[in-house]
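Enquirer: The structure follows.
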Amino acid sequence: MKRPITARQYYAMSQKEQETWDSVAHVISRMRDRVTLAKAAKEFNILPSTVVELGRPALRIRNGRYVPTKTDHLLRVLNALTVEGKKEIATRDSEQASLVGGHWAAVQRYLQTGDDSALLRFKGKRVTDASGKRHLLLTDLKELDRQASAGVLSFESMYAGGAL
């Protein structure tokens, strides 16, 4: 399997290859939470050797163990909740992927508890996709309530699946 660099390359992969690639990115993200490669790979049902082979640019060897770099440029395809609606966005920046994940967590917190304080830090924030286009993240409470009532927003919504 070849490491995808563009969304087009990602979508040209088989479903199984996309799932493998997504798991590599998830494992590296978990490793940033100080989880070992072996344990993180087991969580996502992928061989550590596959993670090392495909995720090599995001890994370093320290004291004989693989550790993640602080950031990476591995392609990730994510759902982002923007003012234009839910969109699949391909990014090659782990910090942008973290921004999207943090935004989803804030949205879920608001929907579950009514507490909008976490959403405040996303007001006016944009996520930049792999092509350089910037997408404004949705923080309008009335619109979030509307979409939640329509069944558009669920925890599963944050995970990509389908075509761009």
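The numbers here are math on the coordinates, done by the rules we state, and not lab data. For clarity, every value in this text was computed on a predicted model and none was experimentally measured. All Cβ positions, even for glycine, are placed from backbone atoms using ideal geometry, and neighbour counts span all protein chains on display.
Enquirer: Just wondering, is there one or more residues in the stretch 63-73 that are small (Gly, Ala, Ser) and over 18 Å from the mean Cα position of the chain (by Cα)?
Expert: Taking every residue of the stretch 63-73 in turn, at least one turns out to be small (Gly, Ala, Ser) and over 18 Å from the mean Cα position of the chain (by Cα).
Enquirer: So, one more: Go over the candidates ASP115, ASP93, ASP129 one by one and state the one that is among the charged types (D, E, K, R) and buried (at least 20 other Cβ atoms within 10 Å of the Cβ).
Expert: Criteria check complete, one pass: ASP129.
Enquirer: Inside the stretch 111-126, can you point out the residues that are over 20 Å from the mean Cα position of the chain (by Cα) and not hydrophobic (A, V, I, L, M, F, W, C)?
Expert: The answer is GLN112, THR113, GLY114, ASP115, ASP116, SER117.
Enquirer: Considering the stretch 93-124 alone, what residues qualify as being β-branched (Val, Ile, Thr) and either closer than 23 Å to LEU75 by Cα or touching a Phe, Trp or Tyr at 6+ places or on another chain (Cβ under 8 Å) (or both)?
Expert: VAL100
Enquirer: Considering only residues that are of a type in the set (Phe, Trp, Tyr) and in a helix (DSSP H, G or I), look in the stretch 1-58 and name the one that is farthest from THR71 (Cα to Cα).
Expert: TYR11
Enquirer: State which residue is nearest to ARG126 (Cα to Cα) when the search covers only the stretch 90-109 and only residues that are assigned to a helix (DSSP H, G or I) and of a type in the set (D, E, K, R).
Expert: Selected residue: GLU95.
Enquirer: On to the next question. Any residue in the stretch 85-108 that is farther than 18 Å from SER29 by Cα sitting within a Cβ distance under 7 Å of a residue that is aliphatic (A, V, I, L, M) and part of a loop (DSSP other than H, G, I, E, B)? List the pairs, counting only those 6 or more apart or interchain.
Expert: Sorted first by the residue in the stretch 85-108, then by its partner, the pairs are LYS86/VAL152; GLU88/ALA160; GLU88/LEU164; ALA106/ALA118; VAL107/LEU153.
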